[in-house]
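This report refers to the structure that appears directly beneath it.
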Amino acid sequence: MFSTISKEIKEVLASFPLTDTLIINGEKVRIRQEQFIPITASTEDKPIAFVDGGQAEIISAGNFSLHLIRTYAVVFCGLKKVKEYRNEFYLFTKARWMENDIFYESRIFSLHPKIIDEHDLLIASHDAAIRSGTERAPITKVANMARRFAELALAATIEAEQLVLDGTLEKTFPHEEKYLERLPKNTSAVAKTSALFTIGGNSPQVVLNKISPEGCWSYTATERTSFVKLHPRSGHIFRFEGDKNVLGSLVSNSNDALFLGYPYGLIFADAQARVSNEEKKSLAMRFLLDKGNKEIAAYLQSMNAHEILDRMSF
């Protein structure tokens, strides 16, 4: 069976043309060989800030959820860490009937000053920005909004010669433009994954990798969107947006064997922002074992059938 499946996949891959056209925000952009530009590693150690975020679901039911949201930023000068920033908070979201729909309403609990506005997280459960298919969005989707807003808000407070975010600089949620507008002009973003396609149904990264020159390069697709290769021996190509003056420094920062071709600053920020499964379980147990929360625990037991099945071994 697997050989048949493999053959089917190979036939699909073989059908992709090397000359193709990108589709970006509904615009068709022809891929052209002459648009590759070499990137030279910077010899100057400039302060660059890298920002990322993490989140974990502590408890969740159909009509409420509690998440831990953590954002982290680190400033590197060369490979030397010179400063770091951290902000975290608990996000409690509940369902509320209003305006002929169920809305999700959130409150933030934190020992730090609030860096995002709770009102910006009020959203209809049928809003296309968080909905999956035709069904009402699960309440846990609001945590994705909160994390994104918190990353952008933290980034806006940082002073560095260059600022690099994980992801893109495009708006995906309501009110997100409010946080994007606060970012300094020296902001850029590197996305590990991209939902972009070519007209032929191929991945832009694959097409560009096949026709690209040797070494490190950037490929300008549109005024806003580029693709970059940050290490000559790496097979990874990333979507890039923002200030291209940072690219030489990113090449110098992308030599870590753990993820060759990806900026070490973003690897480090990801590790610091990440909420481990052990930490998540510890927080959930601390909350649910509180004697005053028996009613909450009993309610959750009626909702966690999937988790019970996931833990079962046969």
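The values are calculated or read from the model by the stated rules, or taken from the named source; none is laboratory data. Just so we're clear, the structure is a prediction, and the values are computed from it rather than from any experiment. With ideal geometry, Cβ positions are generated from the backbone for all residues, glycine too; neighbour counts draw on all protein chains shown.
Things to note:
- Taken over the stretch 69-83, the criterion of being surrounded by fewer than 19 Cβ atoms within 10 Å (Cβ to Cβ), in a strand (DSSP E or B) and aliphatic (A, V, I, L, M) is satisfied by VAL82 alone.
- If you go through the stretch 20-38 and pick out every residue that is modelled with pLDDT of 80 or more and surrounded by fewer than 10 Cβ atoms within 10 Å (Cβ to Cβ), you end up with 1.
- Residue count for the stretch 271-294, restricted to those that are in contact with a strand residue (DSSP E or B) (Cβ under 6 Å, 6 or more places away or on another chain) and either surrounded by fewer than 15 Cβ atoms within 10 Å (Cβ to Cβ) or part of a loop (DSSP other than H, G, I, E, B) (or both): 2
- Residue list for the stretch 39-57, restricted to those being surrounded by 21 or more Cβ atoms within 10 Å (Cβ to Cβ) and of a type in the set (Val, Ile, Thr): ILE48, VAL51
- The stretch 1-19, residues that are part of a loop (DSSP other than H, G, I, E, B) and at pLDDT 70 or above: MET1
- Condition met for LEU66 (in contact with a Phe, Trp or Tyr (Cβ under 6 Å, 6 or more places away or on another chain), in contact (Cβ under 8 Å) with a residue 60 or more places away in the chain and more than 18 Å from TYR179 (Cα to Cα)): yes
- Taken over the stretch 249-268, the criterion of being under 16 Å from LYS229 (Cβ atoms), in contact (Cβ under 8 Å) with a residue 24 or more places away in the chain and of a type outside the set (Phe, Trp, Tyr) is satisfied by SER249, LEU250, VAL251, SER252, ASN253, SER254, ASN255, LEU260, GLY261, PRO263, LEU266.
A quick yes/no check of all residues on (1) surrounded by 14 or more Cβ atoms within 10 Å (Cβ to Cβ); (2) of a type in the set (Val, Ile, Thr); (3) more than 30 Å from PHE76 (Cβ to Cβ):
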{"site": "ALA128", "(1), (2), (3)": "no, no, yes"}
{"site": "ALA137", "(1), (2), (3)": "yes, no, yes"}
{"site": "ALA160", "(1), (2), (3)": "yes, no, no"}
{"site": "ARG182", "(1), (2), (3)": "no, no, no"}
{"site": "PRO204", "(1), (2), (3)": "yes, no, no"}
{"site": "ILE211", "(1), (2), (3)": "yes, yes, yes"}
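- Any chance GLU34 is of a type in the set (Asp, Glu), out of contact with any helix residue (DSSP H, G or I) (no Cβ under 8 Å at 6 or more places or on another chain) and under 28 Å from LYS244 (Cβ atoms): yes
- Taken over the stretch 103-137, the residue count meeting the criterion of being of a type in the set (A, V, I, L, M, F, W, C) and closer than 16 Å to PHE149 by Cα is 9.
- Scanning the stretch 245-258 for residues that are assigned to a helix (DSSP H, G or I) and either farther than 20 Å from THR43 by Cβ or not aliphatic (A, V, I, L, M) (or both) yields a total of 6.
Yes or no, residue by residue, for (1) of a type in the set (Ser, Thr, Tyr); (2) modelled with pLDDT of 95 or more:
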site	(1), (2)
ILE69	no, yes
VAL75	no, yes
GLU84	no, yes
TYR90	yes, yes
PRO113	no, no
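- Among the criteria (1) assigned to a loop (DSSP other than H, G, I, E, B); (2) of a type in the set (Ser, Thr, Tyr); (3) in contact (Cβ under 8 Å) with a residue 60 or more places away in the chain, the one THR140 does not fulfil is (1).
- Restricting PHE36, PHE109 to those that are under 30 Å from GLU214 (Cβ atoms) and among the aromatic types (Phe, Trp, Tyr) reduces the list to PHE36.
- Checking ALA61 against (1) within 24 Å of the chain's Cα centre (by Cα); (2) surrounded by 13 or more Cβ atoms within 10 Å (Cβ to Cβ), the condition it does not meet: (1)
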